[in-house]
Amino acid sequence: MQVERLLNDVLLITPEVFQDHRGHFFESYREDVFTEYCERKIEFVQDNQSLSNKGILRGLHFQNPPYAQGKLVRVVKGAVIDVAVDIRKNSKNYGKHIAVELSENNFQMLYIPHGFAHGFVTLEDQTIFTYKCTDYYKPESEGGIAWDSKSLNINWGFSEPVLSQKDLNNIDFDNFKSPF
């Protein structure tokens with residue numbers, strides 16, 4: 001397993017994949033190894049999965065404290081551009097983002113701790129995306145930042161992605177007051 005630190009606290013995880021004529025096998029999660037790389041024990045309490053066609057953008061989402069969520073995300077089928085934006089007020093990386101391609105072919109996973117807004121856009125039809133979350137979903141605690149905030153300058157690869165009504169109403173980053 002290879003782990004790369006992005007924006008100090010986001011982890012890009014590339015597992016060792018064993019492939020042969022039957023297919024492939026890899027460990028998608030192993031608590032002891034994950035704890036070692038995170039330098040503390042992370043407890044996941046909820047798993048989520050979404051199915052989306054090409055050009056669907058979900059995000060940028062977060063949950064406000066005290067229900068903030070860390071997420072371990074990966075693609076089961078298809079591909080996405082996955083984005084994490086640092087929204088921790090005292091971070092030297094505040095307002096900076098990372099964008100990585102996660103796909104069924106590269107097997108990579110991203111760990112996004114609380115204090116980051118998260119989103120992704122699907123690059124293929126029938127993309128299946130999974131999340132392991134460190135806290136339960138609380139609708140009253142959710143927040144969002146506009147995917148197209150000019151000051152974030154995120155290259156999603158789509159000029160007109162398909163969004164939910166909720167995501168169309170997310171606040172521009174320039175007007176955002178972080179709870180972290």
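The values are calculated or read from the model by the stated rules, or taken from the named source; none is laboratory data. Small disclaimer: the values here were computed from a predicted structure and weren't measured. Here Cβ is always computed from backbone atoms with ideal geometry, including for glycine, and neighbour counts include all displayed protein chains.
Quick notes on this one:
- Looking at Ala84, Ala99, just one residue is small (Gly, Ala, Ser), surrounded by fewer than 19 Cβ atoms within 10 Å (Cβ to Cβ) and touching a residue at least 24 places away in the same chain (Cβ under 8 Å), and that residue is Ala99.
- Neighbours by Cβ (under 6 Å, 6+ apart or cross-chain): first from segment 51-69, at pLDDT 95 or above; second among the basic types (Lys, Arg): Tyr67/Lys138
- Selection count where residues are within 29 Å of Val17 (Cβ to Cβ) and within 15 Å of the chain's Cα centre (by Cα), scope segment 124-153: 8
- Search result, residues across segment 9-38 that are in a loop (DSSP other than H, G, I, E, B) and either in contact with a His (Cβ under 9 Å, 6 or more places away or on another chain) or exposed (fewer than 11 other Cβ atoms within 10 Å of the Cβ) (or both): Glu16, Val17, His21, Arg22
- Filtered by the rule that a residue be modelled with pLDDT under 95 and either farther than 20 Å from Ile112 by Cβ or of a type in the set (Ser, Thr, Tyr) (or both), segment 140-180 gives Phe158, Ser159, Glu160.
- Condition met for Phe107 (in contact (Cβ under 8 Å) with a residue 40 or more places away in the chain and on the phi > 0 side of the Ramachandran plot): yes
- Residue ID - surrounded by the fewest Cβ atoms within 10 Å (Cβ to Cβ), chosen from residues in segment 39-49 that are touching a residue at least 60 places away in the same chain (Cβ under 8 Å) and in a loop (DSSP other than H, G, I, E, B): Glu43
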